[in-house]
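S.K.: Got a structure for you, written out below as structure tokens; questions coming shortly.
The values are calculated or read from the model by the stated rules, or taken from the named source; none is laboratory data. These numbers come from a predicted model, not from an experiment. Here Cβ is always computed from backbone atoms with ideal geometry, including for glycine, and neighbour counts include all displayed protein chains.
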Amino acid sequence: MASFKIVRVQEDILRELTAILREELKDPRLSSALTVVRAELSGDMGHCKVYISSLKGMEDAKTACGVLKTAGGFIRSELFSRLKLRKSPQLHFIPDDSIEYAADISGKLHALGLSGGVGAEAAEPGEPEDAEEE
């Protein structure tokens, strides 16, 4: 089980990487549909796996990981200065298709009419959903 410090640093890395992607990196190969899904820090805090996903698909995520790998030194130095860590972890960018998968599932549920989400009102048991007021 990960210690509290490692979990806290993982969350900080996730937050700061998102900010760096949004504000600092101006590469035209990076789309605005990129998301940092999660960061997994090793026990010695020397390595960090960063999972990148894109709404545009897996190919976009793979391209973004290549771009981020080349900009890894800059990203690492930005993280080091923003987080005030004793040592900056080596970043390993890994493409992930979780955002594309979730969008696909959401589309299928919407097509079936089952897209009740957080804001949807639930009908009382035994009442029809489209009950009209009399």
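S.K.: When you scan segment 33-53, do you find a residue that is over 17 Å from L14 (Cα atoms), touching a helix residue (DSSP H, G or I) at 6+ places or on another chain (Cβ under 8 Å) and not in a strand (DSSP E or B), even just one?
M.R.: No, that holds for no residue.
S.K.: Exactly one condition in (1) modelled with pLDDT under 80; (2) of a type outside the set (F, W, Y); (3) surrounded by 15 or more Cβ atoms within 10 Å (Cβ to Cβ) is false for E40; which is it?
M.R.: Status for E40: all satisfied but (1).
S.K.: When you go through I75, I20 one by one, which is the residue that is farther than 30 Å from D104 by Cα, surrounded by 14 or more Cβ atoms within 10 Å (Cβ to Cβ) and at pLDDT 90 or above? Write out each step before concluding.
M.R.: Details: I20 fails: farther than 30 Å from D104 by Cα.
So the residue among I75, I20 that is farther than 30 Å from D104 by Cα, surrounded by 14 or more Cβ atoms within 10 Å (Cβ to Cβ) and at pLDDT 90 or above is I75.
S.K.: Return the residues of segment 43-63 that are surrounded by fewer than 20 Cβ atoms within 10 Å (Cβ to Cβ) and of a type in the set (A, V, I, L, M, F, W, C); say none if nothing qualifies.
M.R.: M45, L55, M58
S.K.: Given the structure, is Y101 exposed (fewer than 14 other Cβ atoms within 10 Å of the Cβ) and either touching a residue at least 12 places away in the same chain (Cβ under 8 Å) or part of a helix (DSSP H, G or I) (or both)?
M.R.: yes
S.K.: Which of the residues belonging to segment 23-32 are outside any helix (DSSP H, G or I) and either surrounded by fewer than 14 Cβ atoms within 10 Å (Cβ to Cβ) or small (G, A, S) (or both)? Talk me through it step by step, then tell me what you get.
M.R.: In the first step, residues of segment 23-32 are kept if they are outside any helix (DSSP H, G or I); the result is 24-32.
Within segment 23-32, E24, K26, D27, P28, R29, S31, S32 qualify.
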